[in-house]
Amino acid sequence: MTSPDLPAELKAALDGKLRGFSRSDAAGRAASISRTYRSGGGSGTIRSETDALAYALARMPATYAAVIASLNALVEIRPDLAPETLLDVGAGPGTATWAAAEAFPSLQHFTMLDANDALRTLALDLARDSTRLRNTDYQRGEARAVLAKADAADLVVASYMIGEISDAEQRALAELLWQKTHDTLLVVEPGTPAGYARIIALRAHLIDLGAHVAAPCPHDSQCPLQAPDWCHFTQRVQRSRAHKQVKGAELPFEDERFSYVALTRAPVEQHPVRVLAQPAVSKVEITAKLCTPEGLSFAKVPRRAKANYASARRWRWGDAVN
Ligand SMILES: C[S@@+](CC[C@H](N)C(=O)[O-])C[C@H]1O[C@@H](n2cnc3c(N)ncnc32)[C@H](O)[C@@H]1O
């Protein structure tokens, strides 16, 4: 399992960039960017070097942790997966590229693409002294136009990106993402009902085009959850001093909620059940909400079934269990 904490090289590069910047300016810009996101806007307000750095300090630890959690779930189901090439679409400051580089030592060539100049400049600065990311190419431009000309990659990732484009474009982008995927496509979104709805629409569309789900679902059938329920997971993120300052936060951690889907060209062999919420543990039994190959199930494991109870006690939200 890869750690959800930012790698030391990336932390050092961010700290280096922060020197010479006013933390209160960065905090002000981070607050304004996050207000834009909360009111349904996107990263269009990120225009300057300070904006890009403020965004990275405030959001990169959480989006990085969500991508790592999704990649960890994928690796558990596909332990044989050893991609050599990566395409990071809507790469921003390079978050998913750093995450994939940590999760897959096999990766040798990294291509990022994004329309935002300020984020692209920051991503290149952050990766400049990294030995791991020395074979990195960062294409600038609108995703569909750039993707159309890009080479396909073993692993394609779109992290916190598809929500920034219209529903009609999302369908076309999904097809293009899939076309450029040799092996696995990972799409990660905020763990909100709207983020989940985007994931589920893309999932259904690409299954129709021949994709198979590796994670989180143990099946390629329709999602069994009914609104207002939605499939999402949570990842705890430790906050550094700079992270707390930029967010104006006191707590030493935050919990990032995310939804994701990992789609593969070949059908997966294992179909372990997925734990969809933190199980409720009482003295009598453990109740767990599970997604199974046959659909949704609320399992009750009585304490008297000692061995099963002991293993169910270790279940955590998001785990794949047998
Ligand atoms: C919320 S940021 C996420 C950045 C990064 N993937 C992460 O997880 O931290 C969304 C990114 O998608 C990019 N983006 C949105 N729409 C795009 C488009 N149509 N073409 C290219 N990039 C786009 C934005 O410029 C921005 O960098």
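Each reported figure results from applying straightforward, stated rules to the coordinates on display, with no laboratory input. The shown structure was predicted, so the numbers you read here are calculated from the model rather than taken from an experiment. A quick note on method: Cβ atoms are made from the backbone with ideal geometry, for glycine too, and the neighbour counts reach across all protein chains shown.
Beta bridges assigned by DSSP with both partners in the stretch 8-264 are antiparallel in approximately 45 percent of cases. Relative contact order for the chain: 17 percent, from Cα pairs under 8 Å spaced at least 6 residues apart, divided by residue count. Distance between the C-alpha centres of the stretch 1-69 and the stretch 116-192: 18 Å, rounded to the whole angstrom. Taking a span of 30 Å or more along the helix axis (Cα atoms) and a mean Kyte-Doolittle hydropathy of at least -1.0 as the rule, the DSSP H helices of the chain that qualify are 49-77. Put a plus charge on the Cβ of each Lys and Arg, a minus charge on the Cβ of each Asp and Glu, and nothing anywhere else: the dipole of the stretch 12-90 about its Cα centre is then about 480 debye. The residue list Ser22, Ala152, Ala54 was ranked by how far each Cα lies along the charge dipole of the stretch 8-264 toward its positive end, using unit charges on Cβ atoms, and Ser22 comes out on top. Using the Cβ of Ile68 as centre and a radius below 11 Å, the other residues enclosed give a net charge of -3, where K and R count +1 and D and E count -1.
Highest GNM mean-square fluctuation, the chain, Cα pairs closer than 10 Å: which of Val261, Val246, Val284? So, out of Val261, Val246, Val284, the one fluctuating most is Val284. Structure remark: mean-square fluctuation, Gaussian network model of the chain, C-alpha springs under 10 Å; the largest value among Ser166, Ser34, Ser240 belongs to Ser166. The dipole here belongs to the stretch 42-125: it is taken about the Cα centre, uses +1 on the Cβ of Lys and Arg and -1 on the Cβ of Asp and Glu, and is about 160 debye. Ordering Leu185, Thr136, Ala65 by the projection of their Cα atoms onto the charge dipole of the stretch 8-264, which places +1 on the Cβ of Lys and Arg and -1 on the Cβ of Asp and Glu, puts Ala65 at the extreme positive end. Leu176 sits among other residues whose Cβ lies under 12 Å from its own Cβ, and their net charge, with Lys and Arg +1 and Asp and Glu -1, is +1. Counting charges near Arg132 (Lys, Arg +1; Asp, Glu -1) among other residues having Cβ under 9 Å from its Cβ returns a value of -1. From helices alone, the chain scores -12500 deg cm²/dmol at 222 nm; the rule is -39500 (n - 2.57) for each run of n ≥ 4 DSSP H residues, then divide by the residue total.
Need one word for the stretch 57-190: rounded, prolate or oblate. Basis is the Cα gyration tensor (sqrt eigenvalues a ≥ b ≥ c); a/c below 1.5 gives rounded, then a/b vs b/c decides. Taking the square roots of the gyration eigenvalues as a ≥ b ≥ c, the stretch 57-190 is rounded. Using Cβ point charges alone (K and R +1, D and E -1), the dipole size of the chain about the Cα centre works out to roughly 1260 debye. When each of the peptides 10-17, 94-101, 309-316 is scored by how many other beta carbons lie within 10 Å of its residues on average, the order from highest to lowest is 94-101, 10-17, 309-316.
Round to the nearest 0.05 the FRET efficiency obtained for Glu49 and Arg236 when R0 = 30 Å and r is the Cβ-Cβ distance. Plugging the Cβ-Cβ distance into 1/(1 + (r/R0)^6) gives 0.50.
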